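The values are calculated or read from the model by the stated rules, or taken from the named source; none is laboratory data. Values in this document were obtained by computation on a predicted structure and should not be read as measured data. Every residue, glycine as well, gets a Cβ built from its backbone with ideal geometry; the counts of neighbours run over all protein chains shown.
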Amino acid sequence: MFAMSYCSQSTGHFAQYRDVKDQKNFKDIMIYRVKSIKDLFISKLNLLLHYDRSLNHKFESYSMSFDELLEQADPESVIYADPPYANVHYSRFYHVLETLVKYDYPEVKFKGRYRQDRHQSPFSKKSEATKAFEKMFTLIKEKNSRMVLSYSDGGVIDLDTLLELARKVFGNTYNVTIETMEYLHSRLGRTGGKNIDVNEILIIADKI
């Protein structure tokens, strides 16, 4: 995965390969095409082999839906949630790596050769996002836990609506506040400028 990411000539992801429209594009693409998957793989493998394991910290990784994970979470925890909030599905960006891991031969479509069975998050669908957030808030409250939710002012649901929903679900036993930080967001090669100003927002639900 490391080697594939470093050899990809797309702009930070795998959503679409770049077209050879002119000499400049050709030169940019060739910077990546001449890289060696094998050399990069061996380089990362050597780093892992010599990694100082005394620095290890215990952690667990799961592959499941958010509701399944929250149902298994310990009560009275602090839940940091960073669901997708744009209407562009993450599966468009990482389908090549997903196929590598699954090592299958799926049906593909469109220029980006996306998997036809690719996952589409309910948080990225305007018709499903409200119910998904409501379910997440409810499960966190049922666990008697606190929440730190990462969001953006460009999300599928507008911030005021999401705050209203959070305060409704968590009720008067929680205090729901926000913290805002401005930063430049890279458009990863899309038209309309390289960077745009966005507000990164933390929605915090703390028990009273």
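Structure above, values below:
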{"quantity": "Segment 55-80, subset of a type in the set (Gly, Ala, Ser) and farther than 13 Å from LYS135 by Cα, residue surrounded by the fewest Cβ atoms within 10 Å (Cβ to Cβ)", "calculated": "SER61"}
{"quantity": "Any chance GLN23 is more than 30 Å from ILE201 (Cα to Cα), of a type in the set (S, T, N, Q) and modelled with pLDDT of 85 or more", "calculated": "yes"}
{"quantity": "Pair list, Cβ < 8 Å and 6+ apart or interchain, from segment 37-53 residues that are within 12 Å of PHE2 (Cβ to Cβ) to residues that are surrounded by 11 or more Cβ atoms within 10 Å (Cβ to Cβ) and among the aromatic types (Phe, Trp, Tyr)", "calculated": "LEU40/PHE2; LEU40/TYR6; PHE41/PHE2; LYS44/PHE2"}
{"quantity": "Answer residue from segment 37-61, given it is modelled with pLDDT of 90 or more and either outside any helix (DSSP H, G or I) or touching a Phe, Trp or Tyr at 6+ places or on another chain (Cβ under 7 Å) (or both) and is farthest from GLN9 (Cα to Cα) among those", "calculated": "LYS44"}
{"quantity": "Residue list for segment 13-36, restricted to those being under 26 Å from GLU98 (Cβ atoms) and in contact with a Phe, Trp or Tyr (Cβ under 7 Å, 6 or more places away or on another chain)", "calculated": "HIS13, PHE14, ALA15, LYS35"}
{"quantity": "Any hit, segment 139-161, residues being modelled with pLDDT under 85 and either in contact with a Pro (Cβ under 8 Å, 6 or more places away or on another chain) or on the phi > 0 side of the Ramachandran plot (or both)", "calculated": "no"}
{"quantity": "In segment 82-113, residue modelled with the lowest pLDDT [restricted to those that are of a type in the set (A, V, I, L, M) and within 25 Å of PHE2 (Cα to Cα)]", "calculated": "VAL88"}
{"quantity": "Which listed residue, of PHE133, PHE123, is at pLDDT below 95, under 16 Å from LEU165 (Cβ atoms) and not in a loop (DSSP other than H, G, I, E, B)", "calculated": "PHE123"}
{"quantity": "Scope segment 154-164; condition buried (at least 16 other Cβ atoms within 10 Å of the Cβ) and within 16 Å of LYS125 (Cβ to Cβ); matching residues", "calculated": "GLY155, VAL156, ILE157, LEU162"}
{"quantity": "Considering residues of segment 136-148 that are surrounded by 15 or more Cβ atoms within 10 Å (Cβ to Cβ) and not in a helix (DSSP H, G or I) only, the residue nearest to the chain's Cα centre (by Cα)", "calculated": "VAL148"}
{"quantity": "Options TYR85, TYR94, TYR174, TYR151; residue that is surrounded by 15 or more Cβ atoms within 10 Å (Cβ to Cβ), in contact with a Gly (Cβ under 9 Å, 6 or more places away or on another chain) and touching a residue at least 24 places away in the same chain (Cβ under 8 Å)", "calculated": "TYR85"}
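Per-residue answers, yes or no, for (1) out of contact with any helix residue (DSSP H, G or I) (no Cβ under 9 Å at 6 or more places or on another chain); (2) of a type outside the set (Ser, Thr, Tyr); (3) farther than 30 Å from MET136 by Cα:
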residue	(1), (2), (3)
ASP22	yes, yes, yes
LYS27	yes, yes, yes
ASN46	yes, yes, yes
ARG53	yes, yes, yes
LYS58	yes, yes, no
SER63	yes, no, no
GLU71	no, yes, no
